[in-house]
Structure formats: structure tokens, C-alpha cells
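Peer 1: Would you mind keeping the following structure in view while I ask a few things?
Just so it is clear, none of the values below were taken in a lab; they were calculated from the coordinates. Computed from a prediction, not measured in an experiment: that's the story for all the values here.
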Amino acid sequence: MKFGKRLKQQIEESLPAWRDKFLSYKELKKLVRQISSAESCVEYGKADAEAEFVHLLNNEIDKFNVFFMEEEEDFIIRHKELQQRIKRVIETWGPNGTKPSEAEYKDEMAKIRKDIVNFHGEMVLLVNYSNINYTGSLAKILKKYDKRTGGLLRLPFIQKVLQQPFFITDLVSKLVKECENIIDEVFPVEQEDEEEIVKEQREAITVAGKGIFRNTVAALLSMQEIRRGSSTYGHFSLPPMDLPDSDLIHSFQLNSPIPIV
């Protein structure tokens, strides 16, 4: 499958509200084609054409950063709110709470568990968003530009990208891990209940009316594929990725129609 079609598929598998936040690969590819043609170079001059290309790329980087930082800030707030909700439920309806109630406790914790799974899925999708836009899109279009125009733009531009907020996913990855730890510690899965819980999770995982379960699995597979070593692996490639080994991801694997390998 050609890269453009693969990118389109990846975008379609993201959340609907995110789809216009990815790299405008088709437009940039068209510009590269125009720049590499003899007519374009004669009319505008190579320096002017390259300046226009860089200007468009910088606009795309700004778009990535604004979106990524907004989502990251939202995740920090939601993470704290989830922790506060768990504490409030335990202190109110837990065995030692102010109003002990097994029924209320189970009902509220079930709601929180569903929200945590949703939250985890969205964060995985944001990490995938960063991976796709860096490795899958920027690096690809810059390589194409240098190859077709004889330019040397890829190295200096990628060095700049490595310092951009959208590329630095340490905080989101940390929140993903903390989210998994909460599920492991607060919602331990008994073997006999595992199948029922996974079924509940899959039914509950919805964002803006669209299932996020399939999107998250697709994102994990995409990140693994992007980070897998290949003949084109280089200094600016992302390192190979090991999928998270947690009860949550394990539950994805148990019943997912898409095998995670």
C-alpha cells in the first residue's frame, strides 16, 4: 500500500475531531512535485520555492504543537480528576467510608473504570498522533523533497523537529503508565470475571459516539510498525517499540478481532 493511502487510513482510524490535525501530506507532496519540475524552478527560482515549502512545513509544526499541548493539558486535568473521584468513592462508600454501601461502591467504581479505559485509549491515540506526524509524515515528505530537488533540507529540519512539544511524549507516556497502574491496583481482575469485564469495557469505550477500542488497538499496531527496525532505519528513526504488558492491554488482546503481535 502506498504511503498516502496508509496515512489516510491512519487518519480515518483516529478520533473524528482530530482528523484535520494531521500533516497535510497530499498538499506538501503536490508542492514537492511542482518544485522539482523544471518549469517551476525557472519561474520562481529554487530558493523561493524552498522558502515556500519550509513556510508550509513550519505552519504544520505549529498546528501539531497547539493541538498536542491542548490535549496534553486536558489529560493532566482529567488524570487528577479521576484520582480524586476514586478517593471520594472509597472515602464515601468504601468499607471504611462515611456511608458504607457495597452497591453504591461497585456502581460508582464501575463508572470510573470505564472512564479510565476511555482515557487510556485517548492517550495512546495521542502518542500515535505524534509518531505518525514525525516518522510517518514529516520524515517521509522531507526525504522525498531532498531526493526530488537535490536539496539538503531533511537533516536541519528534523533536528529542529526533535525539540518540538508534539514530538516529546514523555509526559503522556507517563500518564499512560500511571493509568495502567491505577487499573492494576484499584481494579484487580479476577480470572473468572475477566471475560465479563472485557466485554463491559468494549461496550463502554466510546468517545463522541464512536468506539475508541478499535482505534486504540489500531494505534498500538501502528506505533509498533512505525518503530520496527527496517532497511531504512536511521539516526532520526524512533526506537523499536515493545507493546505495554499490562492487564488492560492483555484484555485488549484476549478479545480483539485485530491480533496484536
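Peer 1: Take the alpha carbon gyration tensor of the stretch 5-126, find the square roots of its eigenvalues, order them as a ≥ b ≥ c, and report rounded if a/c is under 1.5; if not, report prolate when a/b exceeds b/c, else oblate. Can you show the working numbers first?
Peer 2: Numbers: a/c = 8.87, a/b = 3.71, b/c = 2.39.
Cα axes put the stretch 5-126 in the prolate bin.
Peer 1: Cα-Cα over 26 Å: which of Lys80/Lys160; Lys114/Lys177; Lys144/Lys174; Lys63/Lys140? Please list the in-between numbers first.
Peer 2: Values: Lys80/Lys160 32 Å; Lys114/Lys177 17 Å; Lys144/Lys174 34 Å; Lys63/Lys140 18 Å.
Pairs exceeding the cut-off: Lys80/Lys160; Lys144/Lys174.
Peer 1: Right, next: What ³J(HN,Hα) values, in whole Hz, does the Karplus curve 6.51 cos²θ - 1.76 cosθ + 1.60 give for the stretch 80-88 when θ = phi - 60°, with x put for Gly and Pro?
Peer 2: Using θ = phi - 60°, the values come out as 5, 5, 5, 4, 5, 5, 4, 4, 5 Hz.
Peer 1: In sequence order, what are the phi-derived ³J(HN,Hα) couplings for the stretch 140-149 according to the Karplus relation 6.51 cos²θ - 1.76 cosθ + 1.60 with θ = phi - 60°, rounded to whole Hz, with x for glycine and proline?
Peer 2: Values per residue, Gly and Pro as x: 5, 5, 5, 4, 5, 4, 4, 5, 7, 9 Hz.
Peer 1: So what's the convex hull volume per residue for the Cα atoms of the stretch 76-175, in Å³?
Peer 2: 77 Å³
Peer 1: Which ³J(HN,Hα) values in Hz, rounded to whole numbers, follow from the phi angles of the stretch 111-123 under the Karplus curve 6.51 cos²θ - 1.76 cosθ + 1.60, where θ = phi - 60° and Gly and Pro get x?
Peer 2: Running phi through 6.51 cos²θ - 1.76 cosθ + 1.60 with θ = phi - 60° gives 5, 5, 4, 5, 5, 5, 5, 4, 4, 4, x, 5, 5 Hz.
Peer 1: Could you give me the radius of gyration and the Dmax of the stretch 57-118, taking only the C-alpha atoms into account and expressing both in angstrom?
Peer 2: Here Rg and the maximum Cα pair distance are 17.7, 57 Å.
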